[in-house]
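Here's the structure we're looking at; comments come further down.
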Amino acid sequence: MIDLDDTDRALLRALAEDATQSAGALGRRFGLSQPAAWRRIRRLEEAGVIAGRRVVVDREALGFGVTVFLGVKLATKGRVSLEDFERAVTAIPEVQVVQHVLGLFDYRLRVVARDIADFERVLRRRIMTLPGVGQVEANVLLTEERRPGPLG
């Protein structure tokens, strides 16, 4: 566990908003020199607080207008290993996130599709044919709000 001060938290919030900001720009924004800002960012990376930087892709701009969350309950846990299911489901490009969860379902999937007909094709031809799939429940995403995360 690393101790974070207010400046570290401010840097993290700024990078969470836009990870392309330079250390110089962040330093000017928070009253630090470029080397001081860079050292703080590097320290956060080395401590594992910053685990990577990502590009946010607008799925709708790429033609994927439907997002569906699937709850998947495996029918035969004893005969099909979790690793077999995970390996097969992660090979489906429309499946963006695979989460192994506790509760009514064994897995929660985030699936993107061009439209509902495309989602139905992915569901019938790819997901329902995966090893061990039993019960599936779909929830179509209507709206999504991005929260700033634990740093507020």
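Provide the convex hull volume over Cα atoms per residue for region 1-102, in Å³.
166
Compute, for the chain, the length of the dipole vector about the Cα centre, with Cβ point charges of +1 (Lys, Arg) and -1 (Asp, Glu) only. Units Debye, rounded to 20.
For this selection, approximately 200 debye.
I want to verify a result. In a Gaussian network model of the chain, Cα cutoff 10 Å, which of these has the top mean-square fluctuation: Pro93, Pro35, Pro131?
Pro35
Tell me which of Ile116, Val136, Val49 sits at the most positive position along the dipole axis of the chain, charges placed on C-beta atoms (Lys, Arg +1; Asp, Glu -1).
Checked the options; the winner is Val49.
Using θ = phi - 60° and the Karplus relation 6.51 cos²θ - 1.76 cosθ + 1.60, list the HN-Hα couplings for region 44-56 in order, rounded to whole Hz, with x at every Gly or Pro.
Computed from phi, the couplings for region 44-56 are 5, 5, 5, 7, x, 5, 9, 9, x, 10, 10, 9, 8 Hz.
In whole Å, what is the distance between the alpha-carbon centres of region 100-152 and region 12-67?
Using only Cα atoms to place each centre, the spacing works out to 28 Å.
Indicate the gyration tensor shape class of region 37-78 (rounded, prolate or oblate), computed on the Cα atoms with a ≥ b ≥ c the square roots of the eigenvalues: a/c under 1.5 is rounded; otherwise a/b larger than b/c is prolate and the rest oblate.
Cα axes put region 37-78 in the oblate bin.
Would you mind getting the accessible area per residue of region 20-119, heavy atoms of the protein chains only, 1.4 Å probe, in Å²?
Value for region 20-119: 62 Å² per residue.
Quick one: length gained pulling Arg53 to Ser33 fully straight, 0.36 nm per residue minus the C-alpha distance?
Going from the current span to full extension adds 5.0 nm.
In whole percent, and with a 1.4 Å probe on the protein chains, what portion of the accessible area of region 20-129 is carbon and sulfur?
Ligands and nucleic acids excluded, carbon and sulfur give 52 percent.
For a bin width of 5 Å, list the pair-distance distribution of region 55-152 built from all Cα-Cα distances, rounded to whole %.
3, 12, 23, 24, 17, 12, 7, 3, 0
Can you give the extra length, in nm with one decimal, that the chain gains between His100 and Arg125 once fully stretched, where that is 0.36 nm per residue apart less the Cα-Cα distance?
6.8 nm
If I take R0 = 35 Å and measure r between the Cβ atoms of Thr90 and Arg9 in this structure, what FRET efficiency does the formula 1/(1 + (r/R0)^6) give, to the nearest 0.05?
The formula returns an efficiency of 0.55 here.
The values are calculated or read from the model by the stated rules, or taken from the named source; none is laboratory data. What you see is a predicted model; the values in this text were computed from it and never measured. All Cβ positions, glycine included, derive from the backbone under ideal geometry; neighbour counts span all protein chains shown. Just so you know, the surface numbers come from the protein's heavy atoms only, side chains and all, with ligands and any DNA or RNA stripped out. Shrake-Rupley method; radii C 1.70, N 1.55, O 1.52, S 1.80 Å.
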